[in-house]
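The values are calculated or read from the model by the stated rules, or taken from the named source; none is laboratory data. Model, not experiment: these values are computed from the prediction. Here the Cβ positions follow ideal geometry from the backbone for every residue, glycine too, while neighbour counts run over all protein chains shown.
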Amino acid sequence: MWQRELQWAHDRARIEHVFPRVVVGQRSLFGSLVPEFDASFAELTRLDLDSRTWVDHAPGWLTGSDHLFDELTAGLPLRQRTGIKMYDHIVDEPRLSAWWSVASGQPEPATILREIRLLLADRYEEPFDSIGFNLYRDGNDSVAWHGDRHRHVVTDPVIAILSVGAPRPLKLRPRGGGSSLSWPLGHGDLFVMGGACQHEWEHTVPKVRLSSGARLSITFRSV
């Protein structure tokens, strides 16, 4: 089964803790519909962060996102990476993760993800041959400021994030510090980072004091 065949990005870390159950939070107004994405990208807007960097944002791009959230959190072997270096400490990563790639020879974990992947690949002229899944269970789960590591092997990578579940802020700032921009992503929002974003900007999902539930980030990359 595909659940057993998903590939993991170890990055010198051990994957040890398995969490089969997820607490479901606030549902979206249209989340109970059959999952359907907007192939026309009618609500998508582009923001140029500087002369070399852009982001696209399409709020509510996927209707019926609660169904996809339920399907993936029930079926994915979400695990917590351990032995992660964070500043001067070795910690357990404060989120759960899973990974799929074309190279696995297995179908995408949900049929609609193949349709979305191919649509995004056509629009952005990227193969998007891998999908990363990151589950932020509550306000204590987070990821620190960073740029995606495969910027070291891919020039100007395009990264597309589909967020399902309860909204959590994703923030962007120039690399090394500065004023940040924030988008509350969840309930089927599509967010795409392109140009020099991974080279010259950083992003984070910070801890929050109040959270309305779990958020699953579905990230399409070309590796």
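More than 30 Å from residue 103 (Cβ to Cβ), surrounded by fewer than 16 Cβ atoms within 10 Å (Cβ to Cβ) and at pLDDT 60 or above: which single residue out of 51, 28 fits that description?
Every option except 51 fails the conditions.
Can you name every residue in region 31-62 that is among the basic types (Lys, Arg) and out of contact with any helix residue (DSSP H, G or I) (no Cβ under 8 Å at 6 or more places or on another chain)?
46
Among the listed residues 147, 177, which satisfies the condition of being farther than 16 Å from residue 72 by Cα, among the small types (Gly, Ala, Ser) and surrounded by fewer than 16 Cβ atoms within 10 Å (Cβ to Cβ)?
Result: 177 is the single residue among 147, 177 that is farther than 16 Å from residue 72 by Cα, among the small types (Gly, Ala, Ser) and surrounded by fewer than 16 Cβ atoms within 10 Å (Cβ to Cβ).
Taking the residues in region 130-144 that are touching a strand residue (DSSP E or B) at 6+ places or on another chain (Cβ under 9 Å) and over 19 Å from residue 72 (Cα atoms) as candidates, determine which candidate is surrounded by the fewest Cβ atoms within 10 Å (Cβ to Cβ).
If we take residues in region 130-144 being touching a strand residue (DSSP E or B) at 6+ places or on another chain (Cβ under 9 Å) and over 19 Å from residue 72 (Cα atoms), then 144 is surrounded by the fewest Cβ atoms within 10 Å (Cβ to Cβ).
Conditions first: (1) closer than 22 Å to residue 38 by Cα; (2) outside any strand (DSSP E or B). Residue 177 passes all but one, so which condition is the exception?
Unmet condition: (1).
Which numbered condition trips up residue 195, out of (1) more than 15 Å from the chain's Cα centre (by Cα); (2) at negative phi; (3) modelled with pLDDT of 95 or more?
Going through the list (1) more than 15 Å from the chain's Cα centre (by Cα); (2) at negative phi; (3) modelled with pLDDT of 95 or more, residue 195 breaks only (2).
State which residue is surrounded by the most Cβ atoms within 10 Å (Cβ to Cβ) when the search covers only region 91-121 and only residues that are in contact (Cβ under 8 Å) with a residue 12 or more places away in the chain and among the charged types (D, E, K, R).
Step by step, filter region 91-121, then rank; the result is 117.
Taking region 106-154 as the region of interest, how many residues are modelled with pLDDT under 95 and of a type in the set (Phe, Trp, Tyr)?
Of the residues in region 106-154, 1 are modelled with pLDDT under 95 and of a type in the set (Phe, Trp, Tyr).
So the check is Cβ under 8 Å with 6+ separation or different chains; which pairs have a first residue in region 68-90 that's on the phi < 0 side of the Ramachandran plot and surrounded by fewer than 15 Cβ atoms within 10 Å (Cβ to Cβ) and a second one that's at pLDDT below 95 and among the small types (Gly, Ala, Ser)?
Once the first residue is on the phi < 0 side of the Ramachandran plot and surrounded by fewer than 15 Cβ atoms within 10 Å (Cβ to Cβ) and sits in region 68-90, its partners that are at pLDDT below 95 and among the small types (Gly, Ala, Ser) give 82/13; 86/144; 90/83.
So, restricting to strands (runs of 3 or more DSSP E) that lie completely within region 180-223, which ones have at least 1 residues that are among the acidic types (Asp, Glu), buried (at least 21 other Cβ atoms within 10 Å of the Cβ) and touching a helix residue (DSSP H, G or I) at 6+ places or on another chain (Cβ under 9 Å)?
189-195
Consider only pairs whose beta carbons are under 9 Å apart and that are at least six residues apart or on different chains; among these, list those whose first residue lies in region 42-62 and is touching a residue at least 12 places away in the same chain (Cβ under 8 Å) and whose second residue is hydroxyl-bearing (Ser, Thr, Tyr) and part of a loop (DSSP other than H, G, I, E, B).
Listed by first residue and then by second, the contacts come to 60/28.
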